[in-house]
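Q: Before we start, here is the structure in question, set down as C-alpha cells.
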There are 2 protein chains.
Amino acid sequence: MTPPVVDAYDAWLGYPALAPGAARDAVRAACGRVTVLGDSPVLREAGRELAVGLESLLGCSVPVSGESGAGDGVWVGTGAVAELAGVETPGPEGFVIAAAGEGAGVAVAGGDDRGCLYGAFALLRRIACGVGLPSEPVSEAPVAPLRMLDHWDNLDGTIERGYAGRSIFFADGEVTRDLARVRDYGRLLASIGVNAIALNNVNVARPAVELITDRHLGAVAQVAAALRPFGVRIALSVNFAGPVLLDGLPSADPRDPAVAQWWRAAAARVYEAVPDLLGFVVKASSEGQPGPHSYGASQAEGANVIAAALAPLGGVVLWRAFVYDCEQDWRDTATDRAKAAYDEFVPLDGAFAPNVAVQIKNGPMDYQVREPVSPLLGAAPETRKLLEVQITQEYTGQQVHACYLVPLWKEVLDFDTHARGPGSTVASTVVAGGDDRALAGMVGVANVGDERNWTGHLLAQANLYGFGRLAWQPSLTAEAIAREWAALTFGLDGTVRDTVTAMLMESREVYESYTTPLGLGWMVTPATHDGPSPEGYEYSRWGTYLRADRDAIGVDRGTARGTGFTAQYHEPWRSIFEDRERCPPQLLLFFHRVGYAELLPSGVTLAQHVYDSHFAGAEAVARFIADWEGLHERIDPGRHGSVARRLEAQRAGAEEWRDVINAYFHRYSGIADAAGRRLY
Amino acid sequence: MTPPVVDAYDAWLGYPALAPGAARDAVRAACGRVTVLGDSPVLREAGRELAVGLESLLGCSVPVSGESGAGDGVWVGTGAVAELAGVETPGPEGFVIAAAGEGAGVAVAGGDDRGCLYGAFALLRRIACGVGLPSEPVSEAPVAPLRMLDHWDNLDGTIERGYAGRSIFFADGEVTRDLARVRDYGRLLASIGVNAIALNNVNVARPAVELITDRHLGAVAQVAAALRPFGVRIALSVNFAGPVLLDGLPSADPRDPAVAQWWRAAAARVYEAVPDLLGFVVKASSEGQPGPHSYGASQAEGANVIAAALAPLGGVVLWRAFVYDCEQDWRDTATDRAKAAYDEFVPLDGAFAPNVAVQIKNGPMDYQVREPVSPLLGAAPETRKLLEVQITQEYTGQQVHACYLVPLWKEVLDFDTHARGPGSTVASTVVAGGDDRALAGMVGVANVGDERNWTGHLLAQANLYGFGRLAWQPSLTAEAIAREWAALTFGLDGTVRDTVTAMLMESREVYESYTTPLGLGWMVTPATHDGPSPEGYEYSRWGTYLRADRDAIGVDRGTARGTGFTAQYHEPWRSIFEDRERCPPQLLLFFHRVGYAELLPSGVTLAQHVYDSHFAGAEAVARFIADWEGLHERIDPGRHGSVARRLEAQRAGAEEWRDVINAYFHRYSGIADAAGRRLY
C-alpha cells in the first residue's frame, strides 16, 4: 500500500484519498456536488472547503453552486437548509448534519454562517475518519462559547516560549503582510472550531505597546479581515501602562479620570479599525508588568477601567490571574506561590465589571507536566472566568519531545471542584459557563510558528487539534481525539492509526516519567526551561522551591504544619490532598514532603520509585522509536523522517533527564538502585 | 580638615594638594618649573603631566619650557638629562630620578621617551605619596616587557564581562570618535606603565570580524594615534575564520597556501593603517570559536600561519591557551578541565614561531577567587608565554563587591614553579621572560567602561592601578600598592589611607569567605556568573562539577585514584597538592574530595568551617561599612557616597551568598551549626 503523501503544511486538512470501495461509493453518491444556500464570506469558505475536501477524499470533481433545484449533493446553509432537512434550526455556532429531505443528498444546516462552516468541517471529518454519513440527524453545538488561542508573538517576530520558528503575524517590528499564511491559519482554526485569537504576547514590551496606535492598526485590520471569513475574531494584548508609555500621562492609575479617558480614546481608535474586535488581553502587576498595584489599586479596579472603555463597543477584557510574588525570598517558607492567584482574586469576587473575564491557568503554579487543578477555578462564583491552558510545550518538551497534552487538559476539565456541590466540573462551570454563557470558555497559548508544519514537531499538531476539539466538546475522550487526528493526518491505515494513537496517549506520562517526578515541578534550566537543572531555581526569587535535603524533598502544602494551600479547595479535595494515603499518587510531591526512604503505596521507596520511573521513561522513548520505525513504509518519507528525527532528539533528552534526576536523588539520599542500574 | 574634592574621572591622577609645610616647601623649591630636553609627542606629555601634577600638588604655577640655561626645576629627557645628573642612561622604558647636577633641580632621565614619561609619573607619585624627592638617584625599569590590557569590548558597545558601563572604544557598530576619552584613558595607562592594549573582545563575532577591513581601519588608526603619545600600542583580536567569513575562502585551514596569503594581505592592510600595531590576539578552537582544530591542525599550526604574516611587519601573535572541552558530558569523571591547557600545549612546545606568545590564564580553570597556579606556567620551556589575569571582576563580585585582586596576582607571580629548580617564580620566568625578554609579560582583562569613574566601583580602580604597578615591578607588595593608590586617590590623611588600605587588603579573603569555599569554585549562576547557584553548573557541559553527595564534595585531582591533574606540577608541588595534610588549606577542595564531617587542620568539620567562614564573611562586610562610614568627613561626598552605596549592595549580596552556601552544605550534610546560627 502506497501511503498518502501529504504536505505537513496542510496538517489535518490534507484529506488523504479514501480507498476505493462501497464506503467511498456511498459518499460519492451522496456528495457529488455542493450547494450553498445564501451568500457571505463565511458561507463561501464552507462551500469552498467542502468542494476541496470532497474532491480530495473522493477523487472526483465536486462542483459548487448557489441555489439550484436539484435535491442531491451537499446542501449548506442556515434556516432554509434546516427546513429542507426537516430539522430544527440549531443555536449559534451549532449545526445539524442530516439527510437532505427527500433527495439523496446531505444537509449541513448551521445555526448561523459560522455554524455552517463548522458543520462543513464536521462532515468532512466524518468522511475522512471513515465514519461516513449519518443515518440519523447529528446535531452539535460548542460547549465553550469562547474558544481562543493566545499568541505570545512579539513584534520583532520572536515568540515567547515558541518552538516552531518565528511569528506568522509579526516580523521586524511590523505586522505581517503575508496574509496568505494568515488565511491558511484561519482555515486550520475554523476546522477545529477556534473562534478567537490574541495576536500578540501578553508581555507587551515596547514596541508592541504601539500596536493599538495608528502606526499599526491598518495592518492589524488586514489580519482581522483575513481571519474574518473563518469566523475568527482577534484580540490584542495591551500594556496597562499604555497611558504613560504612549502619551506621557503622569500615571496609569485606574482611578484617574484622565486614564479612563485615555482608554476610551484607545478603544475607539482600535474599534474603528477592527469593529468586531473581541477585546483586550491584559497581564498586569505580574512578573514585572505594570498594573494597578503600582497605584495601590486592585486588580478589579485595573480591569474595570479598561472594561468601561470597551463595554459600549461590545468588547471584553481578558484579565490574567497569573499574579504572584516573583520577588520572593527563597528563605521565606511561609509564602507559597501556589496560593497567590486565589488569595488575590477571591477577595475581589463580584467586583469585576460584567465584560471582564479572569483568565486562570489550569494549575496553581505554571504549566508543569503535573499539577493539581487551580483552586481558583472552583472559587469566586460571581466572577466570569476562563480556563487557560498551554498548548506550546514550554515545560513539556519544547516540541522536541512528544507530549500529547489532551489527557492533561481532560483531567482539568473533568475535575469536580465541588464549587456548587458534586458535579461542578471545570468543563461545566468555567468552560461552559454554567447558567452564564455570556463570557465563558477556554483559552490556549498557541504552539504555532512559521515552520512549514506550523508546530515544529508534527505530533505537536495533535495538541493544537485537540485543544480546539476539546473546547468545542470537553466530553470527547483524549483517545477519540487522538484517533481522529491520526486518521485525518495519516489516513485510514489501521496500523498507523493505532500506533500513532497509542504513542500519543502514552506520551505525556512517558515525558513525566523521566522528568520531574510526582508533581514536584521546577527541575528545569532557569530561563529557557529546557532540560534538567534540578536546583536551578532553588535559591531564586520565583517561588519555586524543592527544599530538598539529605532526608526528604518537597513542600508540605497542608493546613496543619504546611503552607495551608489545601484550604483553598472545597471538600472532599482538601481532605484528600492533605491525607498522604488518599492524595493522588502522581501529586504526592506537590502536596507533601516525603523522605527518600519512605515507602510509597506501590511498595517501593521514593528514591526507588524515581529510579524505576526514570529508567522506564527513557526505555519507553526507545520503544516509540521502534514503533515509529515500524511505520516506515506506511507514512510518506517527509513526514516520517521529520518525526523520526524528533524522536531521536527526544531519546537523547530523555537519557539526560533520566541520569540527572536519578543522580540528584541518589546524591541526596544515598539509596542505591535495587536493580543495580548505573547512577551517577 | 576639609577633604580634597576629586572627580572620580581623574582616578589616581587627581593630585590632591599637599598640606602646607616644610615638605611641600622643599618640593616647591626644587620643582618650580619643568624643562623638557628634546621634543616628541611622548616627551610633550611628560612635560604637560609634570606641570599639571605639580601645580595641583603644590598649589603654585609651574611653567614648562624647552631647553634653557638655568639649573633649577625638573629636567626631563633622555641622554642629555642623564648626563646633566651624572647618571648612566637607563635601558628601554627605564628612568632615573636624581638631583640635577650642580643646580637645585631634579632630573628625570629616561632610557627613551617612554622612560621619560614613566619617570615623570613616578616623580609625581613620590611627591603625592609624601615620599618627596630622592636623596640618592632612584632607578627603575619595568620587569615585564609587555604590560598589556585586553579589552573584551564588542563593536555594538557592550562589554563581555564588563561591569562599568559600555565600551569607550565602540558604539553602535562603529569605532568611537570620542578621542578625548581615549586620550584620557591613555594617560591613566601611561601613569601605571601599561604599554599595550587589545581594543576588542577575544570572542570576535560579526560584525567585529570586519575590524581589520577598510570599513574600520581608518577609525582604528585614529584610536592608535590618540594612544601613541602615551606610549600605548594597540592590538586587535581577530577571528581565526576570517578568511572564510570576510572573503568566502572555502576554509581557514592554516596549511592552505591561500589562507596564508589571506593573512599576509590582512596584516599588510592593518599595518598600513597602524604601522606600530603590536599584533593580533587570537582565541581559537575555544568555547565555540573557530580554530585550527576544525581542520585537524594543531594550535601551533594555527598560530604560526598568522605569525608568518605578521613577522615581516614586526607584529606578534598573542595566542590564548584557554582551550578545553566545553562540550563535556557531566557523567564523564575521567576528563578534568583543569588538565586541558597543559595537555594541549605541552606537546606543542617548540613548535610555535618566535613571534607567538601563548597567553595563559593564572589558574587552570577560569578566574575563580581561589585556584592553584596554572601548571602550564611552569611548563613548555621552549614556548614564549604571557601571564593572563582578569582585572574585571567576573567571578569576584562584578564591581559591586569590593575585591582587591593584587594579593591574588601576587600569589601567582611569587609562585615558584620549580620549572628550572627552586627560584623559578612566575614573575621571573614568564613575566620577566628569564633570559628571553623578547616576548614576555603580563596581560590583564580590562575592567574599564564608560562610567564616569571608569570602573563602576571606585575601589575597583585599585585593581587597574595595581595591575599596572605589579606588571612593572612584581616585587612590590600588595599592601604597598594599596597604600600608594589610597594616597594618590584620597590624599595623605593617614586615617583614610590606613582604613582604605586595610579594607582593600582584607577584601579578597572576605569575598572568598562568603562565596565558594576552599578552592571549590563554580557555585555561581550560569551565564551571568552573578550570585550563588551552587548546582547551576552541576549537570552542564562546561566541565565544572562539584560532585556533591550527602557524604562529601569535591573532585580528587591526585594521581592515584583521582584525575591525575597534580602530575602536571613539578615537585615538590605535586606531592604537596596530593597530600591532604600538606595541601594549602585554602585549596583543599580544589585538589581533594572531602567529607562534610571530616576534621580540617583547624580542628572543625568541613561543614562547620563553611558555616564559620560564611558568617564571618558577611560580618566583615558590615565592618567595612562601619569603617567606611568613619571616613564620612574625610572623603568628598561624591566619592564617599558612591562607595557607600556599593558596600550596601555588597552586604546584601554577601548575606545571600552566606545563606545559600550554608544551606547547601547543611542540606547535604545534615550537620547543624555548632554556634546555633540560622541555617535554611
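Q: If A:Asp493 satisfies every condition in (1) among the acidic types (Asp, Glu); (2) within 14 Å of chain B (Cβ to nearest Cβ); (3) touching a Lys or Arg at 6+ places or on another chain (Cβ under 9 Å) but one, which is the exception?
A: Every condition holds for A:Asp493 apart from (2).
Q: Name the one entry in B:Ala258, B:Ala303, B:Ala307, B:Ala267 that is without any contact (Cβ under 8 Å) to a residue 24 or more places away in the chain and of a type in the set (A, V, I, L, M). Please lay out each step first, then the result.
A: Values: B:Ala303 fails: without any contact (Cβ under 8 Å) to a residue 24 or more places away in the chain; B:Ala307 fails: without any contact (Cβ under 8 Å) to a residue 24 or more places away in the chain; B:Ala267 fails: without any contact (Cβ under 8 Å) to a residue 24 or more places away in the chain.
From the options B:Ala258, B:Ala303, B:Ala307, B:Ala267, the qualifying one is B:Ala258.
Q: A:Glu648 is checked against (1) open to solvent by 50 Å² or more (accessible area, probe 1.4 Å); (2) within 14 Å of chain B (Cβ to nearest Cβ) and fails just one. What number does that condition carry?
A: Answer for A:Glu648: the failing condition is (2).
Q: Within region A:589-610, does at least one residue satisfy the condition of being in a loop (DSSP other than H, G, I, E, B) and touching a Cys at 6+ places or on another chain (Cβ under 8 Å)?
A: Scanning region A:589-610, I find at least one residue that is in a loop (DSSP other than H, G, I, E, B) and touching a Cys at 6+ places or on another chain (Cβ under 8 Å), so the answer is yes.
Q: Check B:Ser540 against each of (1) in contact (Cβ under 8 Å) with a residue 12 or more places away in the chain; (2) hydroxyl-bearing (Ser, Thr, Tyr); (3) surrounded by fewer than 18 Cβ atoms within 10 Å (Cβ to Cβ); (4) within 13 Å of another protein chain (Cβ to nearest Cβ) and name the one condition it does not meet.
A: Among (1) in contact (Cβ under 8 Å) with a residue 12 or more places away in the chain; (2) hydroxyl-bearing (Ser, Thr, Tyr); (3) surrounded by fewer than 18 Cβ atoms within 10 Å (Cβ to Cβ); (4) within 13 Å of another protein chain (Cβ to nearest Cβ), the lone unmet condition for B:Ser540 is (3).
Q: If you go through region B:229-246 one residue at a time, do you hit one that is open to solvent by 20 Å² or more (accessible area, probe 1.4 Å), closer than 30 Å to B:Ser191 by Cα and touching a Pro at 6+ places or on another chain (Cβ under 8 Å)?
A: So far as region B:229-246 goes, yes, one or more of its residues are open to solvent by 20 Å² or more (accessible area, probe 1.4 Å), closer than 30 Å to B:Ser191 by Cα and touching a Pro at 6+ places or on another chain (Cβ under 8 Å).
Q: Please find, among A:Gly110, A:Gly119, A:Gly132, A:Gly115, the residue that is buried (at least 24 other Cβ atoms within 10 Å of the Cβ) and closer than 19 Å to A:Tyr15 by Cα.
A: A:Gly119
Q: Go through B:Glu451, B:Glu484, B:Glu509, B:Glu479 for me and flag whichever is among the acidic types (Asp, Glu), surrounded by fewer than 24 Cβ atoms within 10 Å (Cβ to Cβ) and assigned to a loop (DSSP other than H, G, I, E, B).
A: Every option except B:Glu451 fails the conditions.
Q: Next up: Give me the residue from region B:543-573 that is assigned to a helix (DSSP H, G or I) and open to solvent by 20 Å² or more (accessible area, probe 1.4 Å) and, out of that set, farthest from the other protein chains (Cβ to nearest Cβ). Spell out how you get there, then give the answer.
A: Applying the first criterion (assigned to a helix (DSSP H, G or I)) to region B:543-573 yields B:565-568, B:573.
Narrowing the set further to residues that are open to solvent by 20 Å² or more (accessible area, probe 1.4 Å) leaves B:567, B:573.
On the way: B:Ala567: 25, B:Trp573: 31 Å.
Ranking the qualifying residues of region B:543-573, first place goes to B:Trp573.
Q: Let me ask you something else. Cβ contacts < 9 Å: first residue free of Cβ contacts under 8 Å to residues at least 40 places away in the same chain and surrounded by fewer than 24 Cβ atoms within 10 Å (Cβ to Cβ), restricted to region A:161-174; second residue among the hydrophobic types (A, V, I, L, M, F, W, C) and part of a loop (DSSP other than H, G, I, E, B), any location; separation 6+ or different chain. Result?
A: A:Ala171/A:Leu155; A:Asp172/A:Leu155; A:Gly173/A:Leu155
Q: Between residues in region A:626-642 that are touching a residue at least 40 places away in the same chain (Cβ under 8 Å) and residues that are exposed (fewer than 12 other Cβ atoms within 10 Å of the Cβ) and in a helix (DSSP H, G or I), which pairs lie under 6 Å by C-beta distance while being six or more apart or on different chains?
A: none
Q: Another question about this same structure. Being open to solvent by less than 20 Å² (accessible area, probe 1.4 Å), assigned to a loop (DSSP other than H, G, I, E, B), in contact with a Lys or Arg (Cβ under 9 Å, 6 or more places away or on another chain) and more than 24 Å from B:Ala446 (Cα to Cα) narrows it down to one of B:Ala297, B:Ala309, B:Ala284, so name that one.
A: B:Ala297
Q: Going through region B:324-372 one residue at a time, which ones are in a loop (DSSP other than H, G, I, E, B), within 25 Å of the chain's Cα centre (by Cα) and among the hydroxyl-bearing types (Ser, Thr, Tyr)?
A: Once the filter is applied, which keeps residues that are in a loop (DSSP other than H, G, I, E, B), within 25 Å of the chain's Cα centre (by Cα) and among the hydroxyl-bearing types (Ser, Thr, Tyr), region B:324-372 yields B:Tyr324, B:Tyr367.
Q: Pick out the one residue from B:Ala607, B:Ala597 that is open to solvent by 10 Å² or more (accessible area, probe 1.4 Å), at pLDDT 95 or above and more than 29 Å from the chain's Cα centre (by Cα).
A: Unique residue meeting the criteria: B:Ala597.
Q: Still on this structure, I have one more. Does region B:523-535 contain any residue that is surrounded by 18 or more Cβ atoms within 10 Å (Cβ to Cβ) and either among the hydrophobic types (A, V, I, L, M, F, W, C) or away from every other protein chain (no Cβ under 14 Å) (or both)?
A: Looking through region B:523-535, at least one residue is surrounded by 18 or more Cβ atoms within 10 Å (Cβ to Cβ) and either among the hydrophobic types (A, V, I, L, M, F, W, C) or away from every other protein chain (no Cβ under 14 Å) (or both).
Q: To continue, here is another question. Report whether or not A:Pro20 is touching a helix residue (DSSP H, G or I) at 6+ places or on another chain (Cβ under 6 Å) and open to solvent by 60 Å² or more (accessible area, probe 1.4 Å).
A: No, not satisfied.
Q: Can I ask one more? Of the residues A:Ile661, A:Ile635, A:Ile671, only one is in a loop (DSSP other than H, G, I, E, B), within 14 Å of chain B (Cβ to nearest Cβ) and aliphatic (A, V, I, L, M); which?
A: Being in a loop (DSSP other than H, G, I, E, B), within 14 Å of chain B (Cβ to nearest Cβ) and aliphatic (A, V, I, L, M) holds for just one of A:Ile661, A:Ile635, A:Ile671, which is A:Ile671.
Q: On to the next question. Modelled with pLDDT of 95 or more, over 30 Å from A:Phe565 (Cα atoms) and surrounded by fewer than 19 Cβ atoms within 10 Å (Cβ to Cβ), is that true of A:Pro347? First the steps, then the outcome.
A: On the way: modelled with pLDDT of 95 or more: yes; over 30 Å from A:Phe565 (Cα atoms): no; surrounded by fewer than 19 Cβ atoms within 10 Å (Cβ to Cβ): yes.
Answer is no for this residue.
Q: Counting just the residues of region B:396-424 that are more than 18 Å from the chain's Cα centre (by Cα) and open to solvent by 10 Å² or more (accessible area, probe 1.4 Å), which one comes out nearest to B:Met148 (Cα to Cα)?
A: Here the residue is B:Asp416.
Q: Within region A:153-201, which residues are in contact with a strand residue (DSSP E or B) (Cβ under 8 Å, 6 or more places away or on another chain) and part of a helix (DSSP H, G or I)?
A: Across region A:153-201, the qualifying residue is only A:Leu189.
Q: Continuing with this model, one more query. Any residue at all in region B:140-151 that is over 20 Å from the mean Cα position of the chain (by Cα), touching a residue at least 40 places away in the same chain (Cβ under 8 Å) and open to solvent by 10 Å² or more (accessible area, probe 1.4 Å)?
A: yes
Q: Would you mind finding the one in A:Arg547, A:Arg582, A:Arg541 that is charged (D, E, K, R), out of contact with any Asp or Glu (no Cβ under 7 Å at 6 or more places or on another chain) and more than 27 Å from A:Glu655 (Cα to Cα)?
A: A:Arg582
Q: Something else: Could you grab me the full set of residues in region B:15-46 that are modelled with pLDDT of 95 or more, touching a Pro at 6+ places or on another chain (Cβ under 6 Å) and under 21 Å from B:Ala82 (Cα atoms)?
A: B:Pro41, B:Val42, B:Glu45
Q: Let me ask you something else. Would you mind finding the one in B:Ile625, B:Ile576 that is away from chain A (no Cβ under 14 Å), open to solvent by 20 Å² or more (accessible area, probe 1.4 Å), in a helix (DSSP H, G or I) and in contact with a Cys (Cβ under 8 Å, 6 or more places away or on another chain)?
A: None of the other options fit; the residue is B:Ile576.
Q: I'm told B:Gly653 meets every condition in (1) without any contact (Cβ under 8 Å) to a residue 24 or more places away in the chain; (2) within 14 Å of chain A (Cβ to nearest Cβ); (3) within 27 Å of B:Asp498 (Cβ to Cβ) except one. Can you identify the failing condition by its number?
A: (1)
The values are calculated or read from the model by the stated rules, or taken from the named source; none is laboratory data. Because the structure is a prediction, the values reported are computed rather than measured. Reconstructed Cβ throughout: ideal geometry from the backbone, glycine too, with neighbour counts over all protein chains shown. Areas reflect the complete protein model, heavy atoms only, side chains present, ligands, DNA and RNA absent. Shrake-Rupley method; radii C 1.70, N 1.55, O 1.52, S 1.80 Å.
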